[in-house]
Amino acid sequence: QVQLVESGGGLVQPGGSLRLSCTASGSIWSIAAMAWYRQAPGKQRELVAAISSGGSTTYEDSVKGRFTISRDNAKNTIYLEMNSLVPEDTAVYYCNADRVLITNGPIRGYWGQGTQVTVSS
């Protein structure tokens, strides 16, 4: 029904930058909010940044000033610009689409499969 496909992860040195993308595809009428979560080994999944359909954003404290989330509603795509990366940012980053309205289906959320981000020298 709905697929979320992430891209842009990889290996980067401390202080470097990466840009993640996530596109939702399917019979989508609307998506209320989209977000990036991350999960490091041995830790719980945590919210990194979220953006509403109207453009309101929220960030986890440790990424404020370093990460920027943006959204292209026409393409059902979000981006996460990550700057000044530190080893603690190493994790699998997951895209989430919340309250997705589709043709002939319930309103529900969806997750992408995740993309690995590794910050290491």
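Annotations for the structure displayed:
- Hits in segment 1-32 - residues which are open to solvent by less than 60 Å² (accessible area, probe 1.4 Å), modelled with pLDDT of 95 or more, more than 12 Å from the chain's Cα centre (by Cα) and of a type in the set (A, V, I, L, M, F, W, C): Val12, Leu18
- Members of segment 4-23 that are in a strand (DSSP E or B), touching a Phe, Trp or Tyr at 6+ places or on another chain (Cβ under 7 Å) and of a type in the set (Gly, Ala, Ser): Ser21
- Residue that is nearest to Thr68 (Cα to Cα) [pool: residues in segment 33-46 that are open to solvent by 30 Å² or more (accessible area, probe 1.4 Å), outside any loop (DSSP other than H, G, I, E, B) and not acidic (Asp, Glu)]: Tyr37
The values are calculated or read from the model by the stated rules, or taken from the named source; none is laboratory data. Just so you know, these numbers come straight off a predicted model, no measurement behind them. Note: ideal-geometry Cβ built from the backbone for every residue, glycine included; neighbour counts use all protein chains shown. We work out accessible area using only protein heavy atoms, side chains counted, and drop any ligands, DNA or RNA first. Shrake-Rupley method; radii C 1.70, N 1.55, O 1.52, S 1.80 Å.
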